[in-house]
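J.: My questions will all concern the structure given below.
The values are calculated or read from the model by the stated rules, or taken from the named source; none is laboratory data. These numbers come from a predicted model, not from an experiment. So basically every Cβ, Gly included, is an ideal-geometry build from the backbone, and we count neighbours across all protein chains shown. The area values use the complete protein model at the heavy-atom level, side chains included, leaving out ligands, DNA and RNA. Shrake-Rupley method; radii C 1.70, N 1.55, O 1.52, S 1.80 Å.
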Amino acid sequence: MLSAYLDENGKLTLGDKEIPKVKADEILIKVIACGICGTDVHVFKGINKGKPNIIRGHEFVGEIVEVGSNVKDLRVKDIVIVDPNIPCMNCYQCRNGRIHLCKNLIAIGVDLDGGFAEYCVLPSKQAYKLPGNIEPIIGALAEPLACALHGIDRVDIKEGENVLIIGGGALGLILTQLVVNGGAGKVFVSEPYKEKRDLAFGFGASRVIDPTNEDLLDIVKKETSGKGVDVVIEAVGSGKTILQAINAVSDGGRVLFFGVAPEDVRIDISPFDVYRRELTLLGSFVNPFTMERAVSLISSRRINLYPLISDIIPLQDIKSGVEVASTGRAIRVLVKP
Ligand SMILES: [Zn+2]
Ligand SMILES: [Zn+2]
């Protein structure tokens, strides 16, 4: 089967691999679509390291073609989405319910073969059945949605609170919808690309801001009578936007570090400022216990993921797909084997 992985030198390679065999607790799926995540772009471009010879791709949906002898609740022809993260359930963090912080966490598409291939074998417990009323391709956005749900859980927005979302990528646009659905007051979205700002506005943002031509802080302060917003969700992952977030939040407010920053980025913040303004700075990592809710939300149609699929490319063209995904214009690029 055709598959995409890193060679020994960390270079993205397309090659033939054998279709994996199914063990008793596993399923074999034919991949329908797999999203190119920002983390994949980082690895394919050599910004972060990835394991050689592992098929990448962790945001995927597929159709079951074979089930292992112990698998009871799934059958051939079911459409399933995949939770890529596999905790050990034995370490201190797992035993305290923080499975995503597992010391021995491994992930499909990172440590185990993933979705940039025609077929993928995985433990059946990592699969979630997608309801029949949903177009299968939407399932490729279930994992990002589950990550966004965890972010929303972390920052615990109350109805009527004013929120700023920095970044209108796939995650920023999912977060916009979740924040609007959750009954926030004013929702600001800062994003340089017009198409994405238009989507954010369509999803119910009260004010979209072009940070390259408008003064983000000025607008936020003006529209909140000088106070700043109660919550900022930073969904870019740059030092500059983190600082914007800290400046735009009101005293007593919360800032969620949601965007994935390169590991070596440092920011210059004043501990006195955090102390005196009583700021809460929060992190959010992956999708603990949120996959079921993601499926339920997709099925309810109260979230619109379809417009976030900006490009669909065949697996053979994954290299150009990575180039497209690293432009600011792209939202989510899906690969179809
Ligand atoms: Zn991802
Ligand atoms: Zn663990």
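J.: Quick one: is Val65 in a strand (DSSP E or B) and more than 16 Å from ligand 1 (Cβ to nearest atom)?
T.: On the way: in a strand (DSSP E or B): yes; more than 16 Å from ligand 1 (Cβ to nearest atom): yes.
In short, yes.
J.: Whether any residue in region 26-34 is in a loop (DSSP other than H, G, I, E, B), outside the structural domain of Leu171 (by TED's automatic domain parsing) and either in contact (Cβ under 8 Å) with a residue 60 or more places away in the chain or surrounded by 16 or more Cβ atoms within 10 Å (Cβ to Cβ) (or both) is what I want to check.
T.: Among the residues of region 26-34, not one is in a loop (DSSP other than H, G, I, E, B), outside the structural domain of Leu171 (by TED's automatic domain parsing) and either in contact (Cβ under 8 Å) with a residue 60 or more places away in the chain or surrounded by 16 or more Cβ atoms within 10 Å (Cβ to Cβ) (or both), which makes the answer no.
J.: Separate question: Considering (1) part of a loop (DSSP other than H, G, I, E, B); (2) in the same structural domain as Arg207 (by TED's automatic domain parsing), say which one Gly114 fails and leave the rest.
T.: (2)
J.: Can we say Val76 is open to solvent by less than 20 Å² (accessible area, probe 1.4 Å) and more than 16 Å from ligand 2 (Cβ to nearest atom)? Talk me through it step by step, then tell me what you get.
T.: Details: open to solvent by less than 20 Å² (accessible area, probe 1.4 Å): no; more than 16 Å from ligand 2 (Cβ to nearest atom): yes.
Considered against the rule, which asks whether it is open to solvent by less than 20 Å² (accessible area, probe 1.4 Å) and more than 16 Å from ligand 2 (Cβ to nearest atom), Val76 comes out as no.
J.: Right, another one. Which pairs do you get when a residue that is open to solvent by 50 Å² or more (accessible area, probe 1.4 Å), found in region 311-324, comes within reach of a residue that is among the aromatic types (Phe, Trp, Tyr), reach meaning Cβ atoms under 9 angstrom, with the pair 6+ apart or on two chains?
T.: As it stands, the answer is Lys319/Phe44, since those pairs meet every condition given.
J.: Inside region 99-138, can you point out the residues that are of a type in the set (Gly, Ala, Ser) and away from ligand 1 (no atom under 14 Å from the Cβ)?
T.: Quick first cut of region 99-138, residues of a type in the set (Gly, Ala, Ser) only: 107, 109, 114-115, 117, 124, 127, 132.
If the condition is that a residue be of a type in the set (Gly, Ala, Ser) and away from ligand 1 (no atom under 14 Å from the Cβ), then Ala117, Ser124, Ala127, Gly132 are the ones that fit.
J.: Still on this structure: Determine, yes or no, whether Lys240 is without any contact (Cβ under 8 Å) to a residue 24 or more places away in the chain and outside the structural domain of Arg332 (by TED's automatic domain parsing).
T.: Judged against the criteria, Lys240 is a match.
Conditions (1) more than 16 Å from ligand 2 (Cβ to nearest atom); (2) in contact with a His (Cβ under 8 Å, 6 or more places away or on another chain); (3) not acidic (Asp, Glu); (4) not in a loop (DSSP other than H, G, I, E, B), marked per residue:
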| position | (1), (2), (3), (4) |
| --- | --- |
| His100 | no, yes, yes, yes |
| Leu122 | yes, no, yes, yes |
| Leu141 | yes, no, yes, yes |
| Asp153 | yes, no, no, yes |
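J.: Something else now. Within region 278-291, is even one residue assigned to a loop (DSSP other than H, G, I, E, B), within 29 Å of Lys227 (Cβ to Cβ) and open to solvent by 40 Å² or more (accessible area, probe 1.4 Å)?
T.: Yes, region 278-291 contains a residue that is assigned to a loop (DSSP other than H, G, I, E, B), within 29 Å of Lys227 (Cβ to Cβ) and open to solvent by 40 Å² or more (accessible area, probe 1.4 Å).
J.: Counting only residues that are of a type in the set (Asp, Glu) and open to solvent by 60 Å² or more (accessible area, probe 1.4 Å), which one in region 205-223 is nearest to Val163 (Cα to Cα)? Full working, then the answer.
T.: First, pick out the residues of region 205-223 that are of a type in the set (Asp, Glu): 210, 214-215, 218, 223.
Applying the additional criterion that residues be open to solvent by 60 Å² or more (accessible area, probe 1.4 Å) yields 214-215, 218, 223.
Details: Glu214: 18, Asp215: 17, Asp218: 15, Glu223: 12 Å.
That would be Glu223.
J.: From the residues in region 167-202 that are touching a helix residue (DSSP H, G or I) at 6+ places or on another chain (Cβ under 8 Å) and part of a loop (DSSP other than H, G, I, E, B), which one is nearest to Gly38 (Cα to Cα)?
T.: Gly169
J.: Tell me, yes or no, whether region 250-262 has at least one residue that is polar (S, T, N, Q) and part of a helix (DSSP H, G or I).
T.: No, there is no match, as no residue in region 250-262 is polar (S, T, N, Q) and part of a helix (DSSP H, G or I).
J.: Then there is this: Give region 27-40 a look and list any residue that's more than 10 Å from ligand 1 (Cβ to nearest atom) and under 17 Å from the mean Cα position of the chain (by Cα), or say none.
T.: Result: Ala33, Cys34.
J.: Limited to region 70-98, what total is found for residues that are in a helix (DSSP H, G or I) and either within 16 Å of ligand 1 (Cβ to nearest atom) or polar (S, T, N, Q) (or both)?
T.: 1
J.: For region 79-96, which residues satisfy the criterion of being under 22 Å from the mean Cα position of the chain (by Cα) and more than 6 Å from ligand 2 (Cβ to nearest atom)?
T.: Within region 79-96, Ile79, Val80, Ile81, Val82, Asp83, Pro84, Asn85, Ile86 qualify.
J.: Continuing with this model, one more query. Would you please list the contacts, defined by Cβ atoms under 8 Å and residues six or more apart or on different chains, that run from a residue in region 70-99 that is of a type in the set (Lys, Arg) to a residue that is open to solvent by 40 Å² or more (accessible area, probe 1.4 Å) and more than 10 Å from ligand 2 (Cβ to nearest atom)?
T.: Pairs found: Arg75/Val67; Lys77/Glu63.
J.: A follow-up question, please. Which numbered condition in (1) within 16 Å of ligand 1 (Cβ to nearest atom); (2) open to solvent by less than 10 Å² (accessible area, probe 1.4 Å); (3) not in a loop (DSSP other than H, G, I, E, B) is the only one that Gly57 fails?
T.: Gly57 satisfies every listed condition except (3).
J.: Now for a separate question. What is the one condition in (1) within 30 Å of Gly132 (Cα to Cα); (2) of a type in the set (Gly, Ala, Ser); (3) touching a residue at least 40 places away in the same chain (Cβ under 8 Å); (4) open to solvent by less than 20 Å² (accessible area, probe 1.4 Å) that Ala330 does not satisfy?
T.: For Ala330, the failing item is (3).
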